[in-house]
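Here's the structure we're looking at; comments come further down.
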Amino acid sequence: MLSSRFSLVKPQSFISLHRAFLSLSSIHHAAKSSTPAAPADPATPTAQSAQLAHNKTKTSLRGTPYNVTDIETSLRYMESDAYKTVYGKEPVWKNYVRNRINQRFPHYTRDFCAEEGLYIRGNPCPICRDEYLLLDYRNIKLLKQFVNDHTGEIEPVLKTSICQAQLRNLRVAIRKAYDLGLMTYELPFRTYDYRDYYPELRDEKERTQSLLMTILQTIEDQKLTNLEQLTLTDEQLHAT
């Protein structure tokens with residue numbers, strides 16, 4: 001009896017039912033996806049997000065073109081409102097965050113970030129990521145950000161996170177700025193024996209030493225760290 005009933009049902013009816021079910025499910029999913037999603041909270045703009053604004057489809061710069069600007073454009077950029085908006089009064093490397101592997105800070109810097117006009121790193125160094133930053137001996141405002149105010153030495157690369165290629169450019173630019181007098185630096189105080197430079201002084205058997213030279217020689221001999229500890233004999237005072 002049941003077999004006779006199933007035999008009366010045609011296969012075309014099963015096909016039509018299946019098509020109707022698929023059409024209803026597609027309409028349901030379309031109506032569900034058409035509902036607007038809740039707007040996400042806007043992220044706080046940072047220096048890195050501002051530099052990646054031109055590439056919103058992905059957060060990595062790998063494969064994008066890298067074109068270095070000229071020095072005139074770089075100097076205008078350092079004084080523009082765009083630079084102040086991105087970096088403010090902080091150095092260009094202040095807000096940079098280096099990618100880490102398993103929460104371990106890398107103990108080395110990369111050799112370079114760009115090759116043949118293309119970025120080969122997803123997160124370039126602070127200089128390479130901004131095409132308008134150029135390390136040149138005329139860009140004094142940028143060079144001073146990489147020099148320590150107290151020691152006068154270049155900041156370590158583990159602090160600034162610049163690549164080795166930009167580090168070489170930085171050293172050359174700073175040395176050239178020093179040679180041309182565009183940047184000032186302090187020299188240690190040195191004492192000289194003028195007999196090495198003036199032959200007429202070498203023949204003097206009894207050469208009276210000045211009071212300043214006597215004080216400096218005493219400090220060096222006694223290895224004093226404070227002038228209050230300095231004591232001079234009467235012979236040293238009358239000999240000058």
Going by the structure shown, is ARG76 under 18 Å from ARG168 (Cβ atoms), of a type in the set (Lys, Arg) and surrounded by 11 or more Cβ atoms within 10 Å (Cβ to Cβ)? no
Taking the stated definitions as given, is LEU212 touching a Phe, Trp or Tyr at 6+ places or on another chain (Cβ under 7 Å) and loosely packed, with under 15 Cβ neighbours inside 10 Å? no
Go through (1) closer than 25 Å to LEU180 by Cα; (2) open to solvent by less than 60 Å² (accessible area, probe 1.4 Å) for GLY88 and report which single condition fails. (1)
What pairs can you find where one residue is in segment 171-183 and within 18 Å of ASN148 (Cα to Cα), the other is among the acidic types (Asp, Glu) and open to solvent by less than 50 Å² (accessible area, probe 1.4 Å), and their Cβ atoms are less than 8 Å apart, with a gap of 6+ or different chains? ALA173/ASP136
Residues to consider are ASP136, ASP149; find the one that is surrounded by fewer than 11 Cβ atoms within 10 Å (Cβ to Cβ) and of a type outside the set (Val, Ile, Thr). ASP149
Residue satisfying condition, being open to solvent by less than 60 Å² (accessible area, probe 1.4 Å), modelled with pLDDT under 80, touching a helix residue (DSSP H, G or I) at 6+ places or on another chain (Cβ under 7 Å) and part of a loop (DSSP other than H, G, I, E, B), within set LEU224, LEU232: LEU232
Out of ASN67, ASN99, sole residue that is touching a residue at least 60 places away in the same chain (Cβ under 8 Å), open to solvent by 80 Å² or more (accessible area, probe 1.4 Å) and not acidic (Asp, Glu): ASN67
Please identify the pairs in which a residue from segment 191-207 that is more than 22 Å from ILE219 (Cα to Cα) and at pLDDT below 75 has its Cβ atom under 9 Å from the Cβ atom of a residue that is open to solvent by less than 100 Å² (accessible area, probe 1.4 Å) and part of a helix (DSSP H, G or I), counting only partners at least 6 apart or on another chain. LEU201/ARG195; ARG202/ARG195; GLU204/ARG195
Residues that are under 19 Å from LEU75 (Cα atoms): list the helices (runs of 4 or more DSSP H) wholly contained in segment 96-183 that include at least 3 such residues. 140-143, 164-179
Would you mind stating whether ALA177 is over 19 Å from LEU61 (Cα atoms) and buried (at least 20 other Cβ atoms within 10 Å of the Cβ)? yes
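The values are calculated or read from the model by the stated rules, or taken from the named source; none is laboratory data. If you're wondering where the values come from, they're calculated on a predicted model, not measured in any experiment. Virtual Cβ from ideal backbone geometry, glycine too; neighbours counted across all protein chains shown. Side chains are part of the model used for accessible areas, which takes the heavy atoms of the whole protein and leaves out ligands, DNA and RNA. Shrake-Rupley method; radii C 1.70, N 1.55, O 1.52, S 1.80 Å.
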